[in-house]
1. Report yes if some residue within the range 388-405 is surrounded by fewer than 22 Cβ atoms within 10 Å (Cβ to Cβ), away from the ligand (no atom under 16 Å from the Cβ) and either in contact (Cβ under 8 Å) with a residue 60 or more places away in the chain or assigned to a helix (DSSP H, G or I) (or both); otherwise report no.
2. Does the range 287-331 hold any residues that are more than 30 Å from residue 353 (Cα to Cα) and of a type in the set (Ser, Thr, Tyr), and which are they?
3. For the range 263-292: of the residues being in a loop (DSSP other than H, G, I, E, B) and on the phi < 0 side of the Ramachandran plot, which is surrounded by the most Cβ atoms within 10 Å (Cβ to Cβ)?
4. Please go through the range 340-355 and pick out each residue that is assigned to a loop (DSSP other than H, G, I, E, B) and under 24 Å from residue 285 (Cβ atoms).
5. Within the range 94-123, count every residue that is surrounded by fewer than 24 Cβ atoms within 10 Å (Cβ to Cβ), polar (S, T, N, Q) and within 16 Å of the ligand (Cβ to nearest atom).
6. Before we move on, is residue 250 buried (at least 23 other Cβ atoms within 10 Å of the Cβ), within 16 Å of the ligand (Cβ to nearest atom) and of a type in the set (Phe, Trp, Tyr)?
7. Looking at this structure, is residue 265 among the hydrophobic types (A, V, I, L, M, F, W, C) and under 22 Å from residue 389 (Cα atoms)?
8. Take residue 265 and tell me if it is more than 30 Å from residue 81 (Cβ to Cβ), aliphatic (A, V, I, L, M) and not assigned by TED's automatic domain parsing to the domain that holds residue 413.
Amino acid sequence: MSTHGDPVPLTARASGPLTGEAHVPGDKSISHRSLILGALAIGETRISGLLEGQDVLDTARAMRAFGAVVEDLGGGEWRVQGVGTGGFAEPDGVIDCGNSGTGVRLIMGAMATCPITVTFTGDASLNARPMARVTDPLALFGAQTVGRSGGRLPMTIVGAREPVPVHYVVPVPSAQVKSAVLLAGLNAPGKTVVIEKEATRDHTERMLAGFGAEITVEQTNEGRVITLTGQPELKPQVIAVPRDPSSAAFPVCAALIVPGSDVLVPNIGLNPTRAGLFTTLREMGADLTYENPREEGGEPVADLRARYSPNMKGVVVPPDRAASMIDEYPILSVVAANATGVTEMRGVRELRVKESDRIEAMATGLLANGVNVVTGEDWWSVEGCGAGGVEGGATVETHLDHRIAMSFLCLGMASKDAVQVDDSGPILTSFPIFESLMTELGAVLER
Ligand code: S3P
């Protein structure tokens, strides 16, 4: 795994226009869930378009350790032979989820109501991230946890032998926490109820319904109330994973800031719980259009066309949009640096507990490259330098964070001087073809 190996520095410098089509990989969130739900179904699930990034490969390996048969058939086609709800076997060794918070948290949920004991670990980034947000609700089902101080990995979870269903109000806006509770609820008898005050990505709910679970979602004054009836027999599915809007964000935003660019990014899922970045870019005045809008597999999909947009203006991004673009603030701040005026991003405390503290990592790197940034505990603002106005010239620390690495490489594509990242290795976790795809569009990336 290169995220554990020697650092791979990479430099981006100003290039000619970015043009052509960008076929980005499959959605990371849906890829993890396809493997996990496939492993919990009885029979053979077929998956096409799976993201073959390291995060998802680590989840595939974990599912094998729990007894599922997971086969790579080539070309993004995968086959999963599941063990059934509650059928996870106890793994022989430690489950290493690498860099993936989604992987580890969802798998913890899925095993917490099985009578097995599992030890989890990850890389330096994952082992620094908070897990109590997941293990606290899992304790309500009857699972026990012993981990490092601060609720951090490595950590051992003893699954509940006689799980009870749970009624849980998620205290932070987190699809990972919500999903962990729902996956645990799968093997508890009776109804598990999860309430989220703010809507977060809803792939778990949609996919559980697709796999045949009884699940309802109701919008009430309390928030979104999700009710899952436990111990269903999940039916295997044929899943076509849509392309990842969070990966599409990079070629889209690079095209907006590199002079003369015109890039088409086909087949992007525009689930409203994921599309906040595109709304924000359009508010800023980006020339970003949705072509050929359609429905695929119950999800809205379109081809995105992004053209160079020299007249973008700063905006205030409201807190209630945060969940729908939580992974996109780093690249939004790069666009904001190339706009005029100030972009203020509010209600984004969760950015501090991602693969890195993303407010800190972006602020430090932007300041080093000549962009003014002001930060608070749950907000930050970027003062735009205008189109092509960013100085660049600095090397940025990426802190094992793929999105920090890709964001600064995009910054370098439009800056006066080149921008270097100290380690591009983590990009392999979510967007393994980033370097070749961007180079084919016309970007200049140098090792
Ligand atoms: C994800 C949820 C988000 C997101 C992550 C993927 C998921 O995390 O940042 O990249 O697939 O559920 P939180 O739920 O912790 O906000």
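The values are calculated or read from the model by the stated rules, or taken from the named source; none is laboratory data. This structure is a prediction, so every number in the text was calculated from the model and none was measured. Neighbour counts are summed over all protein chains in view; Cβ atoms, including those assigned to glycine, are modelled from backbone coordinates with ideal geometry.
1. yes
2. Once the filter is applied, which keeps residues that are more than 30 Å from residue 353 (Cα to Cα) and of a type in the set (Ser, Thr, Tyr), the range 287-331 yields 289, 290, 308, 309.
3. Quick first cut of the range 263-292, residues in a loop (DSSP other than H, G, I, E, B) only: 270-275, 284-286.
Those left that are additionally on the phi < 0 side of the Ramachandran plot: 270-275, 284, 286.
On the way: 270: 17, 271: 20, 272: 12, 273: 17, 274: 28, 275: 20, 284: 24, 286: 23.
Looking at the filtered set, the residue picked out is 274.
4. We begin by selecting, within the range 340-355, every residue assigned to a loop (DSSP other than H, G, I, E, B); these are 341, 347-348, 354-355.
The answer is 341, 347, 348.
5. Going through the range 94-123 one residue at a time, the tally reaches 1.
6. Yes; evaluated as a whole, the condition is true for this residue.
7. Spelling it out, it is not the case that residue 265 is among the hydrophobic types (A, V, I, L, M, F, W, C) and under 22 Å from residue 389 (Cα atoms).
8. no
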